[in-house]
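Structure record follows, encoded as structure tokens.
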Amino acid sequence: MKISKLTVYSALKLLKSGEMTATEILNLSLEAVEEKKELNAFITTTIERAGKDAICSDTMYKDKKPRLLEGIPIAHKDMFCTKNIKTTAGSKMLENFVPQYESTVSNKLKELGTVLIGKTNQDEFGMGSNSLHSFFGSIKNPYSCKETLSPGGSSGGSAVSVASGQVLLATGTDTGGSIRQPASYNGIVGYKPTYGLVSRWGCIAYASSLDCPGIFGKTVLDTAYGLTSIAGHDEKDGTSSTEEAEDYLTTLIKMEEEQGSIDLKGYKIGIIKEIESMTLSDEVREKLSTTKLKLEKSGAEFIELSIPSLKFALPAYYTIALAESSANLARYDGIRYGHSDTSGKTFIDRMKLSRTQGFGEEVQRRIILGTTVLASGFYDAYFIKASKVRRVLYNEFQVAFKKCDSILMPTTPNTAPVIDDTISPLKEYSLDLFTVPINLIGSPAISIPAGLSDRGLPIGLQLVSKQFEDAKLLKLAYKIEHIIKGQKNDGV
Amino acid sequence: MAFTKAMTDKMSRLSQLELTEAVASNLKLDSILEWVGELKVCDTEGIDPMFSTAPFNMKMREDKKISTPTREEIFFNTSNVDGDKKFFSIPKVIETK
């Protein structure tokens with residue numbers, strides 16, 4: 001047995017029936033971690049902690065008190081602070097940072113019985129679309145053959161750890177597509193919840209009005225297990241929704257158990273007409289079109305929608321995200337925590353030296369640009385203008401959501417590109433073309449595998465719904481997943 | 001708009017980064033700023049800026065005692081602490097004549 005053959009759902013069945021123990025599943029996971037080391041998915045592995053977690057899970061099964069994810073091997077993006085476990089955000093700035101507290105997301109998953117395998121590699125502070133900007137080296141897409149392919153970013157390590165069969169579930173953060181885009185490049189499912197549904201407390205900040213913790217899994221059902229575990233109000237996060245989290249799991253488990261025929265009768269799915277004229281590779285365009293035909297055959301009605309300001313989403317997103325990141329990263333002063341160079345004579349010298357040495361090039365670029373768009377004389381022309389464009393986009397999407405249950409769009413304009421560390425910033429930013437609009441409007445979105453390209457590379461499509469319609473979105477995504485059967489679930 | 005030397009110096013000072021002109025040029029700041037400038041053609045007449053999508057109001061938390069980190073926990077990730085381990089320690093910031 002290989003862990004790559006398992007899903008969260010099937011592993012829980014084996015654990016509950018006693019056919020496998022949590023320690024046995026952990027051993028399979030650790031074997032895979034060792035075997036796939038060259039992918040560089042992990043910054044830190046937590047083998048000792050995992051052993052203790054698995055023993056605890058085995059006791060819980062023995063005592064017939066298993067929790068929701070008892071014994072499931074999981075990895076956390078290194079953005080989530082984990083008590084007494086190094087948390088770096090992929091940066092030299094936090095190379096030796098050991099949090100003395102646990103993030104709400106990792107704490108909830110711990111309390112529900114997961115077995116922590118380690119902390120995953122990522123673009124520094126979540127800033128990047130290829131996982132090239134990590135102080136701990138770049139990550140390799142498991143679909144790479146002759147050439148090394150991008151795993152996507154910024155949560156590249158989490159996506160690769162699931163896709164290559166090292167863990168069954170992984171957390172990520174999605175500020176402009178950092179879950180959905182790597183999920184698409186690695187042929188797995190990536191879920192970005194409604195903004196505010198999952199607490200950001202203890203998650204290292206990039207852009208606070210856009211940052212959204214979420215989940216990677218091999219199937220929609222697996223991500224529903226993850227969302228069920230992490231959703232809900234947290235008084236420690238001022239933007240955490242006070243609405244009761246819905247039941248994301250019961251309907252899906254019922255459908256999985258019944259294995260009945262699935263159709264889309266009564267569903268209205270929106271397609272944005274402006275995407276037709278946007279930069280999109282032929283293989284993704286064709287996959288979108290063939291998927292639409294399959295879903296129509298299953299009874300779905302397609303509605304043409306117009307989002308005229310979609311073309312402004314990318315520059316609006318980068319203006320807002322960079323502004324927020326420059327404010328958030330001001331906390332790294334080289335004094336209280338993080339990289340510290342004390343050779344400077346004054347406080348300002350020390351701070352400048354520590355920040356210049358601790359932050360990588362992409363982070364410095366974003367801080368400088370973010371500082372610029374917030375500076376006197378530029379604030380109205382850039383930051384306020386982008387925030388107004390954000391509302392225009394939000395309003396257009398709300399009109400569109402009145403006409404359909406969900407919108408189907410490409411997750412990325414292309415399949416995983418060959419890793420190129422000379423890629424220009426603007427070219428890298430353009431990879432987020434279809435993901436950033438969703439962060440600007442706060443909606444939930446899920447990227448599901450739609451199959452492989454002619455070159456054998458995964459193509460993901462995303463479904464987007466109205467805020468707080470996460471349960472409805474997951475149900476539709478589950479149905480579509482079973483109709484298009486785009487997964488390759490046994491690992492790469 | 002171009003990143004002049006004066007602008008580079010100003011942004012470097014505001015963001016507390018050592019940014020030489022050569023580094024600034026390598027960061028390709030001009031082209032990115034020009035690109036985000038494309039937003040000006042979007043009609044936003046009469047539109048209020050949107051700073052958050054959270055459709056809920058922040059509520060006051062209950063006025064109750066909560067546990068806060070200990071000094072030991074706060075100082076765990078730094079060596080910039082005074083001899084008594086009570087305060088963060090930085091070079092003197094008050095100038096004397």
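With N the number of residues in region A:92-160, Rg(Cα) / (2.2 N^0.38 Å) evaluates to 1.28. Given R0 = 25 Å, the distance between the Cβ atoms of residue A:31 and residue A:56 translates into a calculated FRET efficiency of 0.75.
Calculated translational diffusion coefficient of region A:382-439 (25 °C, 0.890 mPa s; Stokes-Einstein with Kirkwood radius over alpha-carbon pairs) equals 177 µm²/s. Bridgeable lysines around residue A:83 (alpha carbons under 24 Å apart, same-chain partners fewer than 8 residues away excluded): A:52, A:92, A:108, A:110, A:119, A:236, B:65, B:85, B:86. For the peptides A:311-324, A:247-260, the ranking by packing is A:311-324, A:247-260, with the highest mean count of neighbouring Cβ atoms within 10 Å listed first. The helix-based estimate of mean residue ellipticity at 222 nm for chain B, built from -39,500 (n - 2.57) per DSSP H run of four or more residues and divided by its residue count, is -7500 deg cm²/dmol to the nearest 500. Computed over region A:211-343, the quotient of the alpha carbon radius of gyration and 2.2 N^0.38 Å is 1.53. Straight Cα distances below 20 angstrom link residue A:16 to the aspartates and glutamates A:24, A:53, A:58, A:63, A:70, A:111, A:222, A:256, A:257, A:258, with same-chain residues fewer than 8 positions distant left out. Ligands, DNA and RNA are left out, and with a 1.4 angstrom probe the accessible area of region A:105-166 is 23 Å² per residue. Protein heavy-atom surface of region A:228-312, 1.4 angstrom probe: 46% of the accessible area is carbon and sulfur, with nucleic acids and ligands not counted. Using the Karplus relation 6.51 cos²θ - 1.76 cosθ + 1.60 with θ = phi - 60°, the per-residue 3J(HN,Hα) values for region A:106-118 come to 5, 5, 4, 5, 5, 5, 9, x, 5, 10, 7, 8, x Hz, with x marking Gly and Pro. According to the square roots a ≥ b ≥ c of the eigenvalues of the Cα gyration tensor, what is the shape class of chain B, taking rounded for a/c under 1.5, prolate for a/b larger than b/c otherwise, and oblate for the remainder? Taking the square roots of the gyration eigenvalues as a ≥ b ≥ c, chain B is oblate. For region A:340-492, count all C-alpha to C-alpha pairs, find those more than 23 Å apart, and express that count as a whole percent of the total. Within region A:340-492, distances greater than 23 Å cover 58 percent of Cα pairs. Rounded to the nearest 5, what is the percent of antiparallel bridges among the DSSP beta bridges in the protein assembly as shown? Looking only at bridges with both residues in the protein assembly as shown, the antiparallel portion is about 65 percent. Applying the Kirkwood pairwise sum to the alpha-carbon positions of chain A produces a hydrodynamic radius of 22.4 angstrom.
Interface of A with B. Using a 1.4 Å probe and counting protein heavy atoms only, the two chains hide about 5400 Å² of accessible surface, both sides summed. For the pair residue A:421 and residue A:311 in one chain, pulling the backbone fully straight at 0.36 nm per residue adds 37.0 nm over the alpha carbon distance.
For chain A, what does -39500 (n - 2.57) per DSSP helix run (n ≥ 4), summed and divided by total residues, give at 222 nm, in deg cm²/dmol to the nearest 500?
It lands at -11500 deg cm²/dmol.
Quick one: which of A:345/B:92; A:13/A:472; A:77/A:218; A:218/A:485; A:265/A:402 span more than 20 angstrom between C-alpha atoms? Violating the 20 Å limit, Cα to Cα: A:13/A:472. Taking N as the residue count of region A:35-126, its C-alpha radius of gyration divided by 2.2 N^0.38 Å amounts to 1.13.
Restricting the trypsin sites (Lys or Arg not before Pro) of region A:382-465 to loop positions (DSSP other than H, G, I, E, B) with no more than 15 neighbouring Cβ atoms within 10 Å leaves A:402, A:403, A:455.
Name the lysines eligible as straight-distance cross-link partners of residue B:5: C-alpha to C-alpha under 16 Å, and not fewer than 8 places from it in the same chain. Cα-Cα hits under 16 Å: B:28. Once backbone amide H atoms are built at 1.01 Å from N, residue A:303 has A:269, A:270, A:271 as its partners under 5 Å, excluding neighbours fewer than 5 places away on the same chain.
Convex hull volume of the Cα atoms of region A:344-422, normalised per residue: 178 Å³. Using a simple spin-label model with pseudo-atoms 7 Å out from Cα toward Cβ, residue B:34 and residue B:89 lie 5.1 nm apart.
The values are calculated or read from the model by the stated rules, or taken from the named source; none is laboratory data. Not measured: the values here are computed from a predicted model. All Cβ positions, glycine included, derive from the backbone under ideal geometry; neighbour counts span all protein chains shown. Accessible surface is based on the protein model in full, side chains and every heavy atom, while ligands, DNA and RNA are left aside. Shrake-Rupley method; radii C 1.70, N 1.55, O 1.52, S 1.80 Å.
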